[in-house]
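First comes the structure, then the notes that go with it.
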Amino acid sequence: MYLKNIALINFKNYDQAEIELIPKINCFVGNNGVGKTNLMDAIFYLSFCKSFFNPIDSQNIKHDTNFFVIQGNYNKDDKNENINCSVKRNQKKLFKRNKKVYRKLSEHIGLFPLVMVSPADISIIVGGSDERRKYMNFVLSQFDKKYLTDVIKYNKALNQRNTLLKQFVKKNTFDKDSLDIWTEQLIILSKTIYAKRVKFIEELIPVFSKYYEFISKGNEKVTLKYHSQLHNANLRELFEQSLQKDRILQYTTVGIHKDDLDLLLMDYPIKKVGSQGQKKTYLMALKLAQFDFIKNVNGFKPVLLLDDIFDKFDADRVKQIIKLVSENYFGQIFITDTNKERLNKVLKTANIEYKIFEIDNEGNIK
(Lines give C-alpha, C1' and ligand atoms only; values in the text may rest on other atoms or scores of the structure.)
Protein backbone atom coordinates (compact mmCIF):
# COMPACT_ATOMS: atom_id res chain seq x y z
CA MET A 1 0.00 0.00 0.00
CA TYR A 2 1.23 3.51 -0.81
CA LEU A 3 -0.09 7.01 -1.43
CA LYS A 4 0.21 7.89 -5.12
CA ASN A 5 -0.71 11.56 -4.93
CA ILE A 6 -2.24 14.15 -2.64
CA ALA A 7 -4.07 17.42 -3.34
CA LEU A 8 -4.86 20.22 -0.87
CA ILE A 9 -7.13 23.25 -0.99
CA ASN A 10 -7.09 25.86 1.80
CA PHE A 11 -5.38 23.48 4.25
CA LYS A 12 -3.38 25.38 6.86
CA ASN A 13 -0.87 27.56 4.95
CA TYR A 14 -1.64 26.08 1.51
CA ASP A 15 -4.01 27.76 -0.97
CA GLN A 16 -3.66 24.84 -3.34
CA ALA A 17 -1.11 22.09 -3.84
CA GLU A 18 -0.84 18.84 -5.79
CA ILE A 19 2.01 16.35 -5.39
CA GLU A 20 2.81 13.14 -7.28
CA LEU A 21 4.57 10.76 -4.93
CA ILE A 22 6.77 7.68 -5.26
CA PRO A 23 6.33 4.33 -3.45
CA LYS A 24 9.56 4.59 -1.43
CA ILE A 25 11.05 7.73 0.21
CA ASN A 26 9.47 11.18 -0.29
CA CYS A 27 11.23 14.16 1.31
CA PHE A 28 9.84 17.63 2.05
CA VAL A 29 12.66 20.17 2.40
CA GLY A 30 12.53 23.86 3.30
CA ASN A 31 13.04 26.44 6.01
CA ASN A 32 11.19 26.26 9.30
CA GLY A 33 7.61 27.50 9.01
CA VAL A 34 7.10 26.92 5.26
CA GLY A 35 4.62 24.06 5.69
CA LYS A 36 6.60 20.81 5.64
CA THR A 37 4.86 19.44 8.71
CA ASN A 38 1.49 20.62 7.37
CA LEU A 39 1.95 18.24 4.41
CA MET A 40 2.66 15.41 6.84
CA ASP A 41 -0.47 16.34 8.77
CA ALA A 42 -2.55 16.22 5.58
CA ILE A 43 -1.33 12.67 4.95
CA PHE A 44 -2.18 11.82 8.57
CA TYR A 45 -5.70 13.21 8.00
CA LEU A 46 -6.29 10.76 5.16
CA SER A 47 -5.65 7.83 7.50
CA PHE A 48 -7.29 9.03 10.72
CA CYS A 49 -9.94 11.58 9.71
CA LYS A 50 -8.29 14.17 11.94
CA SER A 51 -5.16 16.23 12.45
CA PHE A 52 -2.20 14.86 14.40
CA PHE A 53 -1.60 18.30 15.90
CA ASN A 54 -4.93 20.12 16.19
CA PRO A 55 -8.14 18.18 16.96
CA ILE A 56 -10.37 21.20 16.13
CA ASP A 57 -11.00 20.76 12.39
CA SER A 58 -12.02 24.37 11.73
CA GLN A 59 -8.66 25.60 13.00
CA ASN A 60 -6.94 23.73 10.15
CA ILE A 61 -8.77 25.83 7.55
CA LYS A 62 -6.56 28.49 5.95
CA HIS A 63 -7.17 31.95 7.36
CA ASP A 64 -9.81 34.02 5.55
CA THR A 65 -11.33 30.96 3.83
CA ASN A 66 -14.37 28.87 4.75
CA PHE A 67 -13.32 25.30 3.98
CA PHE A 68 -10.48 22.92 3.28
CA VAL A 69 -10.22 19.80 1.14
CA ILE A 70 -7.65 16.99 1.26
CA GLN A 71 -7.77 14.32 -1.42
CA GLY A 72 -5.47 11.35 -1.93
CA ASN A 73 -5.23 8.33 -4.18
CA TYR A 74 -3.73 5.13 -2.79
CA ASN A 75 -2.54 1.98 -4.46
CA LYS A 76 -3.81 -0.82 -2.26
CA ASP A 77 -3.81 -4.44 -3.45
CA ASP A 78 -3.15 -3.04 -6.97
CA LYS A 79 -6.43 -1.11 -6.86
CA ASN A 80 -6.94 2.66 -6.73
CA GLU A 81 -8.54 3.96 -3.54
CA ASN A 82 -9.69 7.59 -3.54
CA ILE A 83 -10.00 9.27 -0.14
CA ASN A 84 -11.56 12.71 0.22
CA CYS A 85 -11.85 14.85 3.35
CA SER A 86 -13.70 18.17 3.33
CA VAL A 87 -14.37 20.53 6.23
CA LYS A 88 -16.56 23.64 6.11
CA ARG A 89 -16.91 26.07 8.98
CA ASN A 90 -19.91 25.31 11.19
CA GLN A 91 -20.73 22.16 9.22
CA LYS A 92 -20.18 18.47 9.74
CA LYS A 93 -16.93 17.02 8.37
CA LEU A 94 -17.38 14.86 5.26
CA PHE A 95 -15.14 11.87 4.69
CA LYS A 96 -15.47 9.79 1.51
CA ARG A 97 -13.92 6.60 0.25
CA ASN A 98 -14.33 6.17 -3.51
CA LYS A 99 -17.01 8.91 -3.47
CA LYS A 100 -19.07 7.13 -0.80
CA VAL A 101 -19.62 9.08 2.43
CA TYR A 102 -18.85 7.22 5.65
CA ARG A 103 -21.75 6.77 8.05
CA LYS A 104 -19.28 6.72 10.95
CA LEU A 105 -15.68 7.91 10.77
CA SER A 106 -14.59 4.95 12.90
CA GLU A 107 -15.32 2.73 9.86
CA HIS A 108 -12.31 4.29 8.12
CA ILE A 109 -9.75 3.88 10.92
CA GLY A 110 -7.28 1.09 10.15
CA LEU A 111 -7.91 0.81 6.41
CA PHE A 112 -4.85 2.90 5.54
CA PRO A 113 -2.54 2.40 8.53
CA LEU A 114 0.11 4.98 9.26
CA VAL A 115 2.83 5.58 11.84
CA MET A 116 3.84 9.17 12.58
CA VAL A 117 7.10 10.10 14.33
CA SER A 118 7.05 13.75 15.38
CA PRO A 119 8.77 16.03 17.92
CA ALA A 120 5.29 16.35 19.48
CA ASP A 121 5.61 12.69 20.56
CA ILE A 122 7.83 13.85 23.42
CA SER A 123 4.57 14.19 25.39
CA ILE A 124 4.53 10.38 25.63
CA ILE A 125 7.69 10.63 27.76
CA VAL A 126 7.32 13.93 29.61
CA GLY A 127 3.51 14.12 29.78
CA GLY A 128 1.09 12.54 32.22
CA SER A 129 -0.23 8.97 32.21
CA ASP A 130 -3.13 10.02 29.98
CA GLU A 131 -0.63 10.56 27.12
CA ARG A 132 0.65 6.99 27.41
CA ARG A 133 -2.87 5.53 27.62
CA LYS A 134 -3.74 7.59 24.57
CA TYR A 135 -0.75 6.05 22.79
CA MET A 136 -1.88 2.48 23.60
CA ASN A 137 -5.45 3.26 22.56
CA PHE A 138 -4.32 4.90 19.34
CA VAL A 139 -2.24 1.92 18.21
CA LEU A 140 -4.74 -0.77 19.16
CA SER A 141 -7.67 1.12 17.61
CA GLN A 142 -6.00 1.09 14.19
CA PHE A 143 -6.67 -2.59 13.64
CA ASP A 144 -9.15 -3.59 16.35
CA LYS A 145 -12.50 -1.88 15.88
CA LYS A 146 -14.00 -3.67 18.88
CA TYR A 147 -11.23 -2.27 21.06
CA LEU A 148 -12.02 1.23 19.79
CA THR A 149 -15.73 0.70 20.46
CA ASP A 150 -15.03 -0.65 23.95
CA VAL A 151 -12.83 2.33 24.85
CA ILE A 152 -15.50 4.76 23.65
CA LYS A 153 -18.14 2.91 25.69
CA TYR A 154 -15.85 2.79 28.72
CA ASN A 155 -15.23 6.56 28.61
CA LYS A 156 -18.97 7.24 28.32
CA ALA A 157 -19.76 4.98 31.28
CA LEU A 158 -16.94 6.61 33.27
CA ASN A 159 -18.34 10.07 32.57
CA GLN A 160 -21.82 8.94 33.63
CA ARG A 161 -20.50 7.47 36.88
CA ASN A 162 -18.52 10.62 37.65
CA THR A 163 -21.56 12.79 36.90
CA LEU A 164 -23.64 10.74 39.34
CA LEU A 165 -21.00 11.09 42.07
CA LYS A 166 -21.09 14.87 41.65
CA GLN A 167 -24.89 14.94 41.68
CA PHE A 168 -25.03 12.92 44.91
CA VAL A 169 -22.93 15.55 46.68
CA LYS A 170 -24.82 18.46 45.13
CA LYS A 171 -28.24 17.05 46.12
CA ASN A 172 -27.02 15.46 49.36
CA THR A 173 -28.34 12.05 48.27
CA PHE A 174 -26.90 8.63 47.41
CA ASP A 175 -28.33 5.81 45.28
CA LYS A 176 -25.93 2.86 45.09
CA ASP A 177 -28.14 0.91 42.68
CA SER A 178 -27.97 3.64 40.03
CA LEU A 179 -24.20 3.94 40.55
CA ASP A 180 -23.77 0.16 40.22
CA ILE A 181 -25.30 0.24 36.73
CA TRP A 182 -22.30 2.21 35.48
CA THR A 183 -19.83 0.38 37.72
CA GLU A 184 -20.88 -2.92 36.18
CA GLN A 185 -20.37 -1.59 32.66
CA LEU A 186 -16.88 -0.42 33.59
CA ILE A 187 -16.03 -3.85 35.01
CA ILE A 188 -17.23 -5.70 31.90
CA LEU A 189 -15.48 -3.39 29.43
CA SER A 190 -12.26 -3.30 31.48
CA LYS A 191 -11.64 -7.03 31.09
CA THR A 192 -11.27 -6.99 27.29
CA ILE A 193 -9.45 -3.64 27.15
CA TYR A 194 -6.95 -4.74 29.80
CA ALA A 195 -6.32 -8.13 28.15
CA LYS A 196 -5.57 -6.50 24.80
CA ARG A 197 -3.24 -3.94 26.35
CA VAL A 198 -1.30 -6.69 28.14
CA LYS A 199 -0.87 -8.66 24.90
CA PHE A 200 0.13 -5.54 22.96
CA ILE A 201 2.85 -4.50 25.41
CA GLU A 202 4.21 -8.05 25.71
CA GLU A 203 4.64 -8.22 21.93
CA LEU A 204 5.97 -4.68 21.66
CA ILE A 205 8.79 -4.88 24.25
CA PRO A 206 11.28 -7.21 22.48
CA VAL A 207 10.88 -5.45 19.10
CA PHE A 208 11.18 -2.03 20.71
CA SER A 209 14.35 -3.09 22.56
CA LYS A 210 15.83 -4.46 19.33
CA TYR A 211 15.28 -1.20 17.46
CA TYR A 212 16.70 0.94 20.27
CA GLU A 213 19.77 -1.27 20.50
CA PHE A 214 20.33 -0.99 16.74
CA ILE A 215 19.99 2.82 16.64
CA SER A 216 22.23 3.30 19.70
CA LYS A 217 24.68 0.60 18.47
CA GLY A 218 24.08 -1.44 21.60
CA ASN A 219 25.37 1.17 24.01
CA GLU A 220 22.17 1.45 26.05
CA LYS A 221 19.45 -0.92 27.25
CA VAL A 222 15.80 0.08 27.44
CA THR A 223 12.47 -1.45 28.32
CA LEU A 224 8.94 -0.46 29.27
CA LYS A 225 6.50 -1.81 31.82
CA TYR A 226 2.72 -1.76 31.81
CA HIS A 227 1.13 -0.68 35.10
CA SER A 228 -2.48 -1.51 35.87
CA GLN A 229 -4.53 -1.92 39.02
CA LEU A 230 -5.89 -5.08 37.42
CA HIS A 231 -2.52 -6.87 37.54
CA ASN A 232 -2.96 -8.11 41.10
CA ALA A 233 -6.52 -7.23 42.09
CA ASN A 234 -10.16 -7.94 41.32
CA LEU A 235 -11.76 -4.85 39.83
CA ARG A 236 -15.12 -5.46 41.49
CA GLU A 237 -13.39 -5.55 44.88
CA LEU A 238 -11.46 -2.39 44.03
CA PHE A 239 -14.68 -0.55 43.28
CA GLU A 240 -16.18 -1.66 46.59
CA GLN A 241 -13.06 -0.62 48.51
CA SER A 242 -12.89 2.78 46.84
CA LEU A 243 -16.58 3.67 47.09
CA GLN A 244 -16.26 6.06 50.04
CA LYS A 245 -13.20 7.70 48.52
CA ASP A 246 -15.02 8.13 45.20
CA ARG A 247 -17.95 9.77 46.98
CA ILE A 248 -15.69 12.21 48.76
CA LEU A 249 -13.59 13.09 45.70
CA GLN A 250 -16.63 12.96 43.34
CA TYR A 251 -14.88 10.95 40.65
CA THR A 252 -13.88 7.32 39.96
CA THR A 253 -10.47 6.58 41.45
CA VAL A 254 -9.96 2.99 40.21
CA GLY A 255 -10.09 1.35 36.79
CA ILE A 256 -8.15 1.01 33.55
CA HIS A 257 -8.34 4.79 33.05
CA LYS A 258 -5.55 4.86 35.66
CA ASP A 259 -3.22 2.56 33.66
CA ASP A 260 0.27 3.79 32.79
CA LEU A 261 3.57 2.79 31.17
CA ASP A 262 6.99 3.00 32.83
CA LEU A 263 9.50 4.07 30.18
CA LEU A 264 12.94 2.94 31.34
CA LEU A 265 16.53 3.59 30.26
CA MET A 266 19.05 1.37 32.06
CA ASP A 267 16.28 0.65 34.64
CA TYR A 268 15.75 4.37 35.38
CA PRO A 269 12.88 6.59 34.14
CA ILE A 270 14.03 8.07 30.85
CA LYS A 271 11.96 11.16 31.68
CA LYS A 272 14.48 11.94 34.45
CA VAL A 273 17.80 10.56 33.22
CA GLY A 274 17.62 10.66 29.41
CA SER A 275 19.27 13.26 27.20
CA GLN A 276 17.29 14.83 24.36
CA GLY A 277 18.93 12.45 21.91
CA GLN A 278 18.16 9.41 24.07
CA LYS A 279 14.53 10.45 24.48
CA LYS A 280 14.16 10.92 20.75
CA THR A 281 15.83 7.55 20.12
CA TYR A 282 13.41 5.97 22.61
CA LEU A 283 10.43 7.44 20.76
CA MET A 284 11.81 6.40 17.38
CA ALA A 285 12.31 2.82 18.57
CA LEU A 286 8.82 2.80 20.10
CA LYS A 287 7.24 4.00 16.85
CA LEU A 288 9.22 1.52 14.72
CA ALA A 289 8.06 -1.27 17.03
CA GLN A 290 4.54 0.05 16.56
CA PHE A 291 5.12 -0.18 12.79
CA ASP A 292 6.11 -3.84 13.18
CA PHE A 293 3.08 -4.60 15.30
CA ILE A 294 0.61 -3.05 12.85
CA LYS A 295 2.34 -4.63 9.85
CA ASN A 296 2.15 -8.11 11.41
CA VAL A 297 -1.52 -7.72 12.30
CA ASN A 298 -2.63 -6.26 8.94
CA GLY A 299 -0.31 -8.23 6.68
CA PHE A 300 0.89 -5.13 4.82
CA LYS A 301 3.17 -2.16 5.51
CA PRO A 302 1.82 1.07 7.03
CA VAL A 303 2.95 4.43 5.68
CA LEU A 304 5.76 5.87 7.83
CA LEU A 305 6.06 9.62 8.49
CA LEU A 306 9.34 10.92 9.96
CA ASP A 307 8.93 14.58 10.83
CA ASP A 308 12.11 16.51 11.66
CA ILE A 309 14.03 13.33 12.52
CA PHE A 310 17.51 14.87 12.27
CA ASP A 311 16.98 17.34 15.11
CA LYS A 312 18.65 16.26 18.40
CA PHE A 313 20.28 13.20 16.76
CA ASP A 314 24.01 12.79 16.27
CA ALA A 315 25.31 11.74 12.85
CA ASP A 316 25.72 8.08 13.85
CA ARG A 317 22.11 7.72 14.98
CA VAL A 318 20.83 9.42 11.83
CA LYS A 319 22.80 6.95 9.69
CA GLN A 320 21.46 4.00 11.68
CA ILE A 321 17.87 5.22 11.28
CA ILE A 322 18.22 5.76 7.53
CA LYS A 323 19.89 2.36 7.23
CA LEU A 324 16.91 0.81 9.00
CA VAL A 325 14.10 2.47 7.06
CA SER A 326 15.78 2.01 3.69
CA GLU A 327 15.40 -1.76 3.98
CA ASN A 328 12.63 -3.45 2.01
CA TYR A 329 10.95 -4.31 5.30
CA PHE A 330 9.53 -0.78 5.26
CA GLY A 331 7.21 0.59 2.60
CA GLN A 332 6.46 4.21 1.70
CA ILE A 333 8.23 6.78 3.87
CA PHE A 334 7.93 10.55 4.22
CA ILE A 335 10.73 12.65 5.71
CA THR A 336 10.95 16.38 6.49
CA ASP A 337 14.20 18.31 6.91
CA THR A 338 15.57 21.84 6.63
CA ASN A 339 18.82 20.88 4.91
CA LYS A 340 18.62 19.48 1.37
CA GLU A 341 22.35 18.80 1.07
CA ARG A 342 22.48 16.85 4.31
CA LEU A 343 19.44 14.80 3.34
CA ASN A 344 20.83 14.06 -0.13
CA LYS A 345 24.14 12.95 1.34
CA VAL A 346 22.57 10.55 3.84
CA LEU A 347 20.03 9.07 1.42
CA LYS A 348 22.57 8.48 -1.35
CA THR A 349 24.46 6.12 0.94
CA ALA A 350 21.26 4.10 1.49
CA ASN A 351 20.98 3.02 -2.17
CA ILE A 352 17.19 3.47 -2.31
CA GLU A 353 14.80 5.38 -4.55
CA TYR A 354 13.91 8.78 -3.14
CA LYS A 355 12.43 12.07 -4.29
CA ILE A 356 12.95 15.52 -2.77
CA PHE A 357 10.25 18.19 -2.86
CA GLU A 358 11.48 21.71 -2.09
CA ILE A 359 9.10 24.14 -0.41
CA ASP A 360 9.92 27.84 -0.69
CA ASN A 361 9.05 30.56 1.81
CA GLU A 362 5.71 31.22 0.07
CA GLY A 363 4.67 27.57 0.39
CA ASN A 364 5.25 26.68 -3.27
CA ILE A 365 6.30 23.06 -3.88
CA LYS A 366 8.72 22.04 -6.60
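The values are calculated or read from the model by the stated rules, or taken from the named source; none is laboratory data. What you are looking at is a predicted structure, and each value in this text was computed from that prediction instead of being measured. Reconstructed Cβ throughout: ideal geometry from the backbone, glycine too, with neighbour counts over all protein chains shown.
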Residue that is free of Cβ contacts under 8 Å to residues at least 60 places away in the same chain, among the hydrophobic types (A, V, I, L, M, F, W, C) and not in a helix (DSSP H, G or I), where the choices are F310, F300, F334, F357
F310
How do the pairs read when you match residues in the range 114-138 that are in contact (Cβ under 8 Å) with a residue 60 or more places away in the chain with residues anywhere that are small (G, A, S) and in a helix (DSSP H, G or I), using Cβ under 8 Å and keeping only pairs 6 or more apart or on different chains?
L114/S47
Of the listed residues (E131, E184), the one being in the same structural domain as L249 (by TED's automatic domain parsing), closer than 30 Å to F313 by Cα and surrounded by fewer than 20 Cβ atoms within 10 Å (Cβ to Cβ) is E131
Which numbered condition D307 misses (of (1) exposed (fewer than 15 other Cβ atoms within 10 Å of the Cβ); (2) at pLDDT 90 or above):
(1)
Being under 25 Å from F138 (Cα atoms), among the polar types (S, T, N, Q), surrounded by fewer than 21 Cβ atoms within 10 Å (Cβ to Cβ) and touching a Lys or Arg at 6+ places or on another chain (Cβ under 7 Å) is the filter here; which residues of the range 39-67 pass it?
S58
Would you confirm whether or not the range 93-103 contains a residue that is hydroxyl-bearing (S, T, Y), surrounded by fewer than 18 Cβ atoms within 10 Å (Cβ to Cβ) and closer than 20 Å to D307 by Cα?
no
Considering T252, T192, which residue is over 26 Å from the mean Cα position of the chain (by Cα), closer than 20 Å to D130 by Cα and either loosely packed, with under 14 Cβ neighbours inside 10 Å or of a type in the set (S, T, Y) (or both)?
T252
Note on the range 239-257: residues in contact with a helix residue (DSSP H, G or I) (Cβ under 7 Å, 6 or more places away or on another chain) and either assigned to a helix (DSSP H, G or I) or of a type in the set (D, E, K, R) (or both) are F239, D246, R247, I256, H257
Got a number for residues in the range 276-292 being within 14 Å of F200 (Cβ to Cβ) and aliphatic (A, V, I, L, M)?
2
Cβ pairs under 6 Å, 6+ apart or interchain, first in the range 209-221 and within 16 Å of L263 (Cβ to Cβ), second surrounded by 16 or more Cβ atoms within 10 Å (Cβ to Cβ) and of a type in the set (K, R), ordered by first then second residue, are I215/R317
Quick one: what pairs do we get from the range 43-65, first residue without any contact (Cβ under 8 Å) to a residue 40 or more places away in the chain, second β-branched (V, I, T) and in a strand (DSSP E or B), C-beta under 6 Å, 6+ apart or different chains?
D57/V87
Helices (runs of 4 or more DSSP H) wholly inside the range 93-171 that include at least 3 residues being of a type in the set (F, W, Y)
145-171
Which of the residues belonging to the range 197-238 are outside any helix (DSSP H, G or I), aliphatic (A, V, I, L, M) and more than 17 Å from Q278 (Cα to Cα)?
L230, A233
Any residue that is without any contact (Cβ under 8 Å) to a residue 60 or more places away in the chain, under 22 Å from I124 (Cβ atoms) and not acidic (D, E) - is there at least one of those in the range 240-262?
no
Could you count how many residues in the range 313-331 are in contact (Cβ under 8 Å) with a residue 60 or more places away in the chain and under 22 Å from I6 (Cα atoms)?
1
Looking at the range 62-71, can you tell me whether even one residue there is of a type in the set (V, I, T) and assigned to a helix (DSSP H, G or I)?
no
If you take the residues in the range 257-293 that are buried (at least 22 other Cβ atoms within 10 Å of the Cβ) and among the β-branched types (V, I, T), which one is farthest from K191 (Cα to Cα)?
T281
In the range 82-92, what count of residues is obtained for those that are closer than 23 Å to K145 by Cα and either among the basic types (K, R) or assigned to a loop (DSSP other than H, G, I, E, B) (or both)?
1
With the structure loaded, tell me whether L283 is assigned to a helix (DSSP H, G or I) and either in contact with a Cys (Cβ under 6 Å, 6 or more places away or on another chain) or under 23 Å from E20 (Cα atoms) (or both) or whether it fails that test.
no
